[in-house]
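First up is the structure itself, then whatever we jot down about it.
The values are calculated or read from the model by the stated rules, or taken from the named source; none is laboratory data. Source: prediction; values computed, not measured. For neighbour counting, all protein chains shown are included, and Cβ atoms are generated from backbone atoms with ideal geometry for every residue, glycine included. All accessible areas refer to the heavy atoms of the entire protein, side chains included, with ligands and DNA or RNA removed. Shrake-Rupley method; radii C 1.70, N 1.55, O 1.52, S 1.80 Å.
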Amino acid sequence: MKIKKIEMFLTKLELLQPFRTHLGTVSERESILLKMTDMDGVSGWGEVVAFSSPWYTEETIQTSWHMLEDFFIPSLLQGQWEHPGEIHDALLVWKGNPMARAGVEMAAWDLFAKRAGKSLADFIGGTRKRIDAGVVVSVDTTSKMIDAINLRVKEGYQRVKVKIDPGHDYEMLHAIRREFPQLALMADANSAYTLDDVDRLRKLDEFQLLMIEQPLASDDIIEHAELQKALSTPICLDESIVSYNDAGHAIKLGSCQVINIKIGRVGGLTNAIRIHDLCMRNGIPVWCGGMLETGISRSFNIALASLPNFTIPGDISSSSRYWKKDVIEPEVVVTQGKISVPTAPGIGHSVNEKYIKEISAKIKTFQKEDL
C-alpha cells in the first residue's frame, strides 16, 4: 500500500464539564485528527491525544504538530507499506514523541482494516462483542463527587475511578465507600505521592480498591516495586509504561499487579497489542485508559478492549459524557454498563469531516506529488 495523502486537522472542542485533577483543569480539548488516504481512495482516521500543555507527558499538541509536519508524514509518504506495524517500527528512527507517532499509526490501522473489509476489532484479533464501560469522576467536593458517582452508577457504569492526592484521599474515599460499599472503585494518584507516604497509602487498603493507579513518580518502576510489597491493594502503572520494555521491566521487578494501556501513551496500536500480549503471558490483567479523546480514539479504545486480557472495565464512556457533539456517527453509547463493539469495516463509525473542518483552527494537507 502506498499513501497518496495525509491531512491534519487541529481541532478544538469544549468539554461539557471541566475535568479536574490535582495537576490542573481541562476545559477546552485540543486534538490533532489525521486522515490518511491511499492510492485507491480508501481513507483511515487517527488522533493525537497530547494535551495543550505538558502536564500529563512532555508532549503537547504543538510539539506533535511539529513532529508530524516536519518528520513523520514526509517520511511515510515516501514508503510502501504492507502492515500498519511497519509504520510503527519505521517511525522509531526518531526518539520519543509517542503520541504523535500513535496518531498517524492509528490512521494506518483504520485504513488497513477497511482495505481488508474487517472491523478493527476483528482485524487485531478481538474476541468480545461487547465491552464493560468504566468512568472517571473528576475532583470536586466529596458531596458533589458522590452525587456524580450515583448518577454514573444509575447509568450502568461497571467501574468508577476517582482522582486522589495527599490532601484529598482517605476521608474522601471513606465517604464514597460508605455510600457505595459494593462499588468497583479505583483511585488514580497521577504521581502525587512519594515513598514517604507509604503509611498514608497503606491506610487505603481498608477500602478494598480495585487498584491505586500511578501513586509514585511518572518515570519510576523501582520504587513502585518497593511500595507494592507494602500494600495489599494492587498498584497499576500508567505513565511509567511508555514502551514494551517498560512493561517487561515492571513485570520482572514486581512493580505492579495491573497495567493501564493507552494507545497514545505507548506510541500506537501496534505497541498496545504487544504490551497486551506480554501481560497476558505473565498473568497481569490490563485495562484501557482514556485521554478525554474524541470518538475517533474512543473507537480505537473499544477495539483494543475487545482483546482477551482486557478484563477490567476501561475509561471508555459515552460520547455524551464529554461532548455536546462528537466527530463520529453514530456516537459511542453505553447501554446497561456495556458498549457494543462495532462490526463495520475499520473503526466502525463514519467520521463527520464537515464538522471537523468547522471546529479546526488549522488544516494542512500533504500529498505524495508535493514531495
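Label the range 38-77 by shape, choosing from rounded, prolate and oblate, from the square roots a ≥ b ≥ c of the eigenvalues of the Cα gyration tensor; if a/c is under 1.5 it is rounded, and otherwise prolate applies when a/b is larger than b/c, oblate when it is not. Intermediate values should be presented prior to the final figure.
Working: a/c = 4.43, a/b = 1.98, b/c = 2.23.
In terms of gyration-tensor shape, oblate.
Using only side-chain charges placed at the Cβ, +1 for Lys and Arg and -1 for Asp and Glu, the dipole size of the range 326-371 relative to its Cα centre rounds to 100 debye.
Among the listed pairs Lys118/Lys325; Lys262/Lys325; Lys12/Lys129; Lys161/Lys252, which are separated by more than 25 Å between their Cα atoms?
Working: Lys118/Lys325 27 Å; Lys262/Lys325 23 Å; Lys12/Lys129 32 Å; Lys161/Lys252 27 Å.
Listed pairs above 25 Å: Lys118/Lys325; Lys12/Lys129; Lys161/Lys252.
Extension gain, Thr25-Trp55: 0.36 nm per intervening residue step, less the Cα-Cα distance, totals 9.8 nm.
Residues of the range 206-241 with backbone nitrogen within less than 15 Å of a virtual label 7 Å along the Cα-to-Cβ line of His174, please, listed as ranges. Output list for this probe position: 206-208. Here is the list for the range 73-157: trypsin sites (Lys or Arg not before Pro) lying in DSSP coil, each with at most 10 other C-beta atoms within 10 angstrom of its C-beta, are Lys95. Solvent-accessible area assigned to carbon and sulfur over the chain amounts to 48 percent, based on a 1.4 Å probe. How tilted is helix 142-154 with respect to the longest principal axis of the chain? Cα atoms for both, answer in degrees (0 to 90, nearest 10). Helix 142-154 sits roughly 60 degrees off the main axis of the chain. Extending 7 Å from Cα along the Cβ direction at Ser350 and again at Lys229 yields two label points whose distance is 5.9 nm.
Given the -39500 (n - 2.57) contribution per DSSP H run of 4+ residues, what per-residue ellipticity at 222 nm results for the chain, rounded to the nearest 500 deg cm²/dmol?
The helix contribution divided over the chain gives -9000 deg cm²/dmol.
Please compute the per residue accessible area over the range 211-356 with all protein chains in place, 1.4 Å probe, rounded to a whole number of Å².
On the way: 4760 Å² over 146 residues.
Computed with neighbouring chains in place, this is 33 Å² per residue.
Given DSSP loops and a limit of at most 16 other Cβ atoms within 10 Å, what is the longest stretch of the chain that contains no such chymotrypsin sites (Phe, Trp or Tyr not before Pro)? Display every interim value, and only then the final one.
Details: sites that count: Trp55, Trp94.
It runs 95-371.
When both the range 137-167 and the range 312-370 are represented by their alpha-carbon centers, they are found 25 Å apart.
Label separation (Thr335 vs Lys203): 4.5 nm, computed from points 7 Å beyond Cα along the C-beta direction.
Here's the list of aspartates and glutamates a cross-link from Lys324 could span, going by alpha-carbon distance under 16 Å and ignoring same-chain residues fewer than 8 apart: Glu14, Glu28, Glu30, Glu293, Glu358.
A DSSP coil position with no more than 14 other Cβ atoms inside 10 Å describes the following GluC sites (Glu not before Pro) in the range 1-75: Glu58.
Using alpha-carbon pairs under 8 Å, 6+ residues apart, how would you state the relative contact order of the range 207-310 in percent? Mind showing how you got there, number by number?
Values: 151 pairs, mean separation 23.1, N = 104.
Once normalised by length, the contact order is 22 percent.
Per residue, the average separation of C-alpha pairs within less than 8 Å and at least 6 apart gives the chain a relative contact order of 23 percent.
Overall, the anisotropy analysis places the range 34-161 in the oblate class: the square-rooted eigenvalues a ≥ b ≥ c of its C-alpha gyration tensor yield a/c not less than 1.5, with a/b not exceeding b/c.
Roughly how big is the chain's charge dipole about its Cα centre, with Cβ charges of +1 (Lys, Arg) and -1 (Asp, Glu), in debye to the nearest 20? Each step should come with its number before you reach the end.
Working: 42 positive and 49 negative charges, 221 e Å.
Around 1060 debye, computed over the chain.
The largest accessible area among Thr233, Thr127 belongs to the first residue in Thr127, Thr233, and the rest follow in falling order (1.4 Å probe, all chains).
Expressed as an acute angle from 0 to 90° and rounded to the nearest 10, what is the orientation of the C-alpha long axis of helix 244-253 relative to the principal long axis of the chain? Around 20 degrees separate the two axes. Name the aspartates and glutamates eligible as straight-distance cross-link partners of Lys354: C-alpha to C-alpha under 17 Å, and not fewer than 8 places from it in the same chain. Cα-Cα hits under 17 Å: Glu7, Glu47, Asp326, Glu329, Glu331.
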